[in-house]
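What follows draws every value from the coordinates through simple rules; no lab data is involved. Quick caveat: nothing in here was measured; it's all calculated off a predicted structure. Quick reminder, even Gly has a Cβ in these numbers, built from the backbone with ideal geometry, and neighbours come from all protein chains shown.
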Amino acid sequence: MIKKTKTKTFDTATAHIVKKVVNGAYGDPAGYEVTMYVTEEGDYFLYTNGGENSPYKKEDIKSCTKKAAEEWLANN
């Protein structure tokens, strides 16, 4: 998945996976996955996707500061 902002492009195909969290099984309406990525430039982002009853009902990418990424890693 690719998401572009005014100044950055986040691409799950070219970034490196830092950590992946999966909750539930494929097809579970409450299941979801969250994957943290880092780009070659050092930018962090989260890829989220889940079922209709999950916190991540649609596929999305959200950018993270380094501090937010460190906090997410410490809590997941």
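If only the Cβ of Lys and Arg carry +1 and only the Cβ of Asp and Glu carry -1, the dipole of the chain around its Cα centre is close to 240 debye. For the chain, the longest principal axis of the C-alpha atoms and the axis of helix 66-75 are separated by about 30°.
Using C-alpha pairs below 8 Å separated by at least 6 residues, the relative contact order for the chain is 22 percent. Taking other residues whose beta carbon is less than 9 angstrom from the beta carbon of Met36, and scoring Lys, Arg as +1 and Asp, Glu as -1, yields +2. This structure gives Cα Rg over 2.2 N^0.38 Å, computed directly, and of [x] 1.03; [y] 0.98; [z] 1.10 that value is listed as [z]. Our helix-only sum for the chain, with -39,500 (n - 2.57) per DSSP H run of n ≥ 4 divided by its residues, gives a mean residue ellipticity at 222 nm of -4000 deg cm²/dmol.
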